[in-house]
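Have a look at the structure below, then the notes.
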Amino acid sequence: MLGPAVEAKPSAESLVWNPLVAEHIGPYYVYLLVDPRDDKVFYVGKRTGDRFRHHGVEALLVDDAATPEEAGEKLTRIREIRAAGMEPRVEFVRIKLSTEQEAYSVEAAVIDALIHHGGPLTNAVRGHDGGAGLIGFEELDQQLAAPELTTSLPAILIKLGWWTLDDENELPRRGFGYRTGISGSDLYDSTRAWWVLSRKRVVAYPYVVAVYQGITRGVWEVDHSSWRSWTDYRRGKSKLRWAFDGRVASPDIAEAFVGRIGHKIPSQRPGGGAVFGTGSPIAYWPT
């Protein structure tokens, strides 16, 4: 007696050899990788049809355009899925995109929306259009009204992302990042840890300033004897990271760096050169 019929599900390998897929999705496309164990998106990517034609689905799983941290987290997730006897599911957000810039814009919009209203992704950075990404009305109004940062006082600027719940116990806190209405204690805990930076260099900077969406949000005076390190081995990470203790800066310092509605970080330093390096959340101000 025959058993019940089992639906055949194509594996990643079986899709490699279908030339119609590669012909249909180009020249550029944006795709999602979905964890079949919980149906959650864990990666958003942009590729070309030509790349897919030669390497198939595997080209989406091993993305040579990813940063080392991004690639490490994505690979760890893929290994976990395969260890459970499954394959990541590929879904296309947009296909037949004419230009790479158009693909970058779609990728950035999807990353913004998913991180802000969905959950964490293995993407290490937001999309390439981060400067024109998702933003609340109040934050946009603040960006347009905030005066530019002009003080020559030295400080470490730390760029925060969107609020994310935290699950590490090395520095107990409710989360990290920034959200509208964030409390002073949550903003401090979010800003004080954990950062890859130059331990020798930071001693020349007495203040740390939280920055979100290009606007300063808070400033603290650093106790330089308090710096402590931690190596985060979760999800394949192994970089040495640092945290500090500090106290709320005096009113005159707070006025210089934050003021009433924050100060806008200029794109260029007073002496020339970009304030933040590409992909880095740390900047040393003014030089």
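Using each residue's phi in segment 35-47, evaluate 6.51 cos²θ - 1.76 cosθ + 1.60 at θ = phi - 60° and report the 3J(HN,Hα) Karplus result to the nearest Hz, with x for Gly and Pro.
Values, residue by residue: 7, x, 6, 9, 6, 9, 5, 10, 7, 10, x, 10, 9 Hz.
Please list the non-local residues whose amide H lies under 5 Å from the amide H of D166, H modeled 1.01 Å from N, same-chain partners needing a gap of 5 or more.
Placed amide hydrogens put G175, F176 under 5 Å from D166.
Sorted from largest to smallest, which semi-axis lengths in Å does the alpha carbon gyration tensor of segment 137-285 give for its equivalent ellipsoid, taking the root of 5 times each eigenvalue?
Working: eigenvalues 111, 64, 47 Å².
In descending order, the three semi-axes are 24, 18, 15 Å.
Name the residues whose placed amide hydrogens come within less than 5 Å of the amide hydrogen of V93, ignoring near sequence neighbours (fewer than 5 apart) on the same chain.
For V93, whose amide H was placed from the backbone, the distant partners under 5 Å are V30, Y31, L32.
Using alpha-carbon positions, what is the distance between the centroids of segment 88-113 and segment 182-218, in Å?
Answer, in whole Å: 32.
Using modelled amide H (1.01 Å from N, peptide plane; none on Pro or chain starts), what sits under 5 Å from the amide H of D232, excluding residues fewer than 5 places away?
K239, R241
Every number in this text was worked out from the coordinates using simple rules, so none of it is lab data. Predicted model only: the values in this text are computed from it and were never measured.
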